[in-house]
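A.B. asks: Would you mind keeping the following structure in view while I ask a few things?
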Amino acid sequence: MKRSAEDAAKTRLALLEAALMAFEAKGWRGATFEHVAERAGVTRGALHHHFRSKASLLTESLDWGWSEYGQRLLSASDDPSDTAWLQRLLADYITLLRTDDRFRALAYTTVLVAPQVLDSSEKKNDALDAWRERIATVLASSERSPVTAQTTAGLILVLLQGLTVTAVTRPRDLPPAKELDDVTEALVNGLLS
């Protein structure tokens, strides 16, 4: 029985999600093709059909995850204010790290699994450059800071990367939900003043 393109796309998505969760739960060695396939509810053959190797599965799951969350986090806001947009970005990012299992798995896999396996950071740098450009574009509309929008966007990326590492290594150090608005307001005011 031939599967439709829609079915194949759903299977691929299930495999990417399962891979991130498996890499977080089992690490590089423990996240076998059998484990990922079982977690996705497909056969090992289906997994091999979509991905030639575990390294390609890792790379594509990271690319997909950061692209998926990037679209959500960096989307246009109803409030055109750079301050409000940036506060929302930081608050949403921290909230996802605290509450979204798939986002935490993406963070864990990025921080602890990928460096063991992947040689090239070119794709990661390209993705970070895209985030930086999006942030700089929003900030360039006001240029209130004596620091350029590009430099400020770079600092925001440093902050986001630090939050990602913190979520993986010391999650209790993330700002608590009840203080999130105050924390993000203080961060943004500091960055933009």
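A.B. asks: Any residue that is open to solvent by 20 Å² or more (accessible area, probe 1.4 Å), of a type outside the set (Gly, Ala, Ser) and part of a helix (DSSP H, G or I) - is there at least one of those in region 142-149?
C.D. replies: Looking for residues that are open to solvent by 20 Å² or more (accessible area, probe 1.4 Å), of a type outside the set (Gly, Ala, Ser) and part of a helix (DSSP H, G or I), one finds none in region 142-149, hence no.
A.B. asks: Identify all residues within region 123-133 that are open to solvent by less than 70 Å² (accessible area, probe 1.4 Å) and farther than 17 Å from Val111 by Cα; write none if there are none.
C.D. replies: The answer is Ala130, Trp131.
A.B. asks: Look at Gly65 and say whether it is open to solvent by 40 Å² or more (accessible area, probe 1.4 Å), of a type in the set (Gly, Ala, Ser), under 15 Å from Leu16 (Cβ atoms) and without any contact (Cβ under 8 Å) to a residue 60 or more places away in the chain.
C.D. replies: Judged against the criteria, Gly65 is not a match.
A.B. asks: Counting just the residues of region 150-193 that are exposed (fewer than 13 other Cβ atoms within 10 Å of the Cβ) and either part of a loop (DSSP other than H, G, I, E, B) or touching a strand residue (DSSP E or B) at 6+ places or on another chain (Cβ under 9 Å) (or both), which one comes out modelled with the lowest pLDDT?
C.D. replies: That would be Ser193.
A.B. asks: I would also like to ask the following. Is it fair to say Val138 is part of a loop (DSSP other than H, G, I, E, B), among the aliphatic types (A, V, I, L, M) and modelled with pLDDT under 90?
C.D. replies: Taking the combined requirement at face value, the residue does not satisfy it.
A.B. asks: Something else about it: Test Leu20 against the stated conditions and say whether it is part of a helix (DSSP H, G or I), buried (at least 18 other Cβ atoms within 10 Å of the Cβ) and in contact (Cβ under 8 Å) with a residue 40 or more places away in the chain.
C.D. replies: Yes, satisfied.
A.B. asks: From (1) within 22 Å of the chain's Cα centre (by Cα); (2) modelled with pLDDT under 90; (3) of a type outside the set (Lys, Arg), pick out the condition that doesn't hold for Ser4.
C.D. replies: Just one mismatch for Ser4, condition (1).
A.B. asks: Additional query: Would it be correct to say that Leu57 is crowded, with 20+ Cβ neighbours inside 10 Å and at pLDDT below 95? Lay out the reasoning, then the answer.
C.D. replies: Details: crowded, with 20+ Cβ neighbours inside 10 Å: yes; at pLDDT below 95: no.
So Leu57 does not fit the description; no.
The values are calculated or read from the model by the stated rules, or taken from the named source; none is laboratory data. A quick note: this is a predicted structure, and the numbers were derived from the prediction, not measured. As a convention, Cβ positions derive from the backbone with ideal geometry for all residues, glycine included, and neighbour counts pool all protein chains shown. Side chains are part of the model used for accessible areas, which takes the heavy atoms of the whole protein and leaves out ligands, DNA and RNA. Shrake-Rupley method; radii C 1.70, N 1.55, O 1.52, S 1.80 Å.
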